[in-house]
Structures are given as structure tokens and as C-alpha cells.
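To start, the structure itself, in C-alpha cells.
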Amino acid sequence: MDDHTPSLHPARPVLEAPDIMRVLTRIAHEIVERAKGADDVVLLGIPTRGVFLARRLAAKLQEITGSAIPVGSLDITMYRDDLRLGPARALAHTEIPADGVDGRLVVLVDDVLYSGRTIRAALDALGDIGRPRAVQLAVLVDRGHRELPIRADYVGKNLPTSQRETVKVQLTEEDGHDGVLLGTRLPASEASGAESEAASGAGRTAAGRPGNAPAG
């Protein structure tokens, strides 16, 4: 999953729509090559954007092989190891193809690989659904900083980042356009100061001081 923490410095694009199309085509060809076809491949996207990427990959695989590829979604919410650390999360949708996953090659699909904890949760969720013969991982962006021994089998772009940087994936299905943005968080002290200044400015404006004409 990508990092949706607000980036308070201007973000710069690292992938644009044509780039995303090219890397998905490449990943689809790599899946076919490694699997020696795609006869037993099942794609499961991790909500939210991983689901859209999985559907796009399924379409690419169908173009290459001429066969429809089962695709679904895998909600990991209840398998996360940080549930008790924050507010309750809304459940997403799990949709498993009709033929299931037993004995199949399951390719998990996500937008950004970061600490690896999302994928660990996905493996736990998948284990409660069935027993694939193998599980692989495809991600659009690998930004590093792994906390668990998890590695992607298919990577659209390796993007070295610092912990202060944010990676935001935008997809037409959810955001109206395609792109990947790299931004930088302000340190906590600067961020709180910026928020205070913004609130103060809003208060002055509402009171009819500079920037707002007094009500007649």
C-alpha cells in the first residue's frame, strides 16, 4: 500500500501514465515467462489501488495469452499488526475467483512495497482462504525500508527513498489520472508550526482583517 501521509513539500512525478502502462506490460510478460504460461495464475489485488493494478495486469495477460485470467481482491484489514495502535479501519472487499486458489499460482498485487507488513498480512489472509501451490508478489513501486524478510518477484520501479519521503500512487480508477509522486514530509515541529500559522491566518481573515473586507 502506498504512503498517504500528507506531503507538505511539492511532490515530483517519478512515473507518469505512459510509464505505468509500460511497466505493467513488462510485468505481465515476466509473469508469463516465469510461469511458462498463465494457465494456473490467479491475480489478487490488495485494496485499494492494488485491485485496480491487478485488473489491469489481468487484461494485459489476456492480451498476451489469449485466455481470461482469474482476478480478485484480498482484504487484509483484520490481519494487520497495527490494528490496536490506531482508530478502527473500514473493511474492504475480498473477492476470490470462483475456482478458488488451491493448487494455483497466486500473484498478490499491490501499489507500493515498503515495510513488508502489508504483504505479511496478505499472506496470513490468503492462508485462511486456501492453499496455493505458490505465491508471488507484484508491485508497481518498491521504495525500500523493509522491516520483514519480504521481496517482490515483479517490480515496476525500484525507487530508493528516505524515511521522510512519501510515495503516492495515483490511478485513473480512483484518482482520475495515473501517476506516481515522490514528496517530502515536513518534520513534526515544522508541520505543527505551519498548521498553527494557517489556522491563525484563517482566524484573522474570518475576523475581517487583511484579506477579508468587513461585513457592511
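The values are calculated or read from the model by the stated rules, or taken from the named source; none is laboratory data. Since the structure is predicted, the reported quantities are computational estimates derived from the model, not experimental observations. Neighbour counts run over all protein chains shown; Cβ positions are idealised from the backbone, glycine included. Keep in mind that these areas ignore ligands, DNA and RNA; they rest on the heavy atoms of the full protein, side chains included. Shrake-Rupley method; radii C 1.70, N 1.55, O 1.52, S 1.80 Å.
Brief remarks on what is shown
- Looking across segment 143-158, just one residue is over 17 Å from Val51 (Cα atoms) and crowded, with 21+ Cβ neighbours inside 10 Å, and that is Arg143.
- Note on segment 105-148: residues that are in a loop (DSSP other than H, G, I, E, B) and in contact with a Leu (Cβ under 9 Å, 6 or more places away or on another chain) amount to 8.
- Only one of Thr161, Thr118, Thr77 that is at pLDDT below 95 and open to solvent by less than 50 Å² (accessible area, probe 1.4 Å): Thr77
- Taken over segment 25-74, the residue count meeting the criterion of being in a helix (DSSP H, G or I), open to solvent by 10 Å² or more (accessible area, probe 1.4 Å) and in contact with a helix residue (DSSP H, G or I) (Cβ under 7 Å, 6 or more places away or on another chain) is 9.
- The residue pairs whose first member lies in segment 130-152 and is within 14 Å of Leu44 (Cβ to Cβ), whose second member is open to solvent by less than 30 Å² (accessible area, probe 1.4 Å) and of a type in the set (Ser, Thr, Tyr), and whose beta carbons are closer than 9 Å, counting only pairs six or more residues apart or on different chains, are Gln136/Tyr154; Leu137/Tyr154; Ala138/Tyr154; Val139/Tyr154.
- Any hit, segment 99-114, residues being in contact (Cβ under 8 Å) with a residue 12 or more places away in the chain, within 18 Å of the chain's Cα centre (by Cα) and open to solvent by 50 Å² or more (accessible area, probe 1.4 Å): yes
- Some residue of segment 78-89 being assigned to a loop (DSSP other than H, G, I, E, B), touching a Lys or Arg at 6+ places or on another chain (Cβ under 7 Å) and small (Gly, Ala, Ser): no
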